[in-house]
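First the structure, in the form of structure tokens, and then the observations on it.
Derivation of every value follows stated rules applied to the coordinates shown; laboratory data play no part. All of these numbers come straight from a predicted model, not from anything done at the bench. Here the Cβ is made from the backbone with ideal geometry for all residues, glycine too, and neighbour counts use every protein chain on show.
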Amino acid sequence: MSSSALSRQDVASTHLYRAVWRWHFYANFKEFTFAAALTLASLYGVAKSQAHQSSIGDLVIEHAWSRETKATDDVAAGFMNIVNNGPEADTLISVTATISDKVQLHNMRMNGDRMEMFEMADGIEIPADATVQLKPKSLHVMFFKIKDHPKQGDEFHGTLTFKKAGTVDVEFMVEPPDAGME
Ligand SMILES: [Cu+2]
């Protein structure tokens, strides 16, 4: 045995140590990068969803959306959540949109074994401290004689008028033609 054998062993363990340390660092770095990416993604998501809401008084309108339509389509539907944080009920009485000059508030009901839609002529009530969802197969906004066919990813402008709170601007986000259908 000589001192050179010992030193070879030292060298080997140093290499091993370095390799393990590097792997450890790399694994942590990957984890860190992944976590940072997740954080950024969720911050972006939060920022985006916060950006896509409007409010007036005690009412918050979340995620107004519609579907991409074909050039030959004559009607389209609009959906959203309306949150009432206040102690009094309000009523959504009318909607306007840049894609249509004739807009109604609709609901769905069964007629025999068929679903049909009908106009909510008195508007849609938003009870105190409640959220009303306008969603497929339920309450919705109906755009007639649509004159513009925005594509998926586009937005179009609209307004909602409430009996008490007044009028608020919304942007309808255009989703794929089959969004919300199953
Ligand atoms: Cu309808």
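Brief remarks on what is shown
- Options 173, 181, 142; residue that is closer than 25 Å to residue 83 by Cβ and either of a type in the set (Gly, Ala, Ser) or exposed (fewer than 15 other Cβ atoms within 10 Å of the Cβ) (or both): 181
- So residue 103, is it within 15 Å of the ligand (Cβ to nearest atom), within 18 Å of residue 163 (Cα to Cα) and either touching a residue at least 60 places away in the same chain (Cβ under 8 Å) or of a type in the set (S, T, N, Q) (or both): no
- Considering the range 140-180, and only residues there that are touching a His at 6+ places or on another chain (Cβ under 7 Å) and within 16 Å of the ligand (Cβ to nearest atom), the residue that is nearest to residue 92 (Cα to Cα) turns out to be 140.
- So residue 85, is it more than 16 Å from the ligand (Cβ to nearest atom) and touching a Ser or Thr at 6+ places or on another chain (Cβ under 7 Å): no
- The set of residues in the range 106-119 being more than 10 Å from the ligand (Cβ to nearest atom) and either closer than 20 Å to residue 56 by Cβ or surrounded by 12 or more Cβ atoms within 10 Å (Cβ to Cβ) (or both) is empty.
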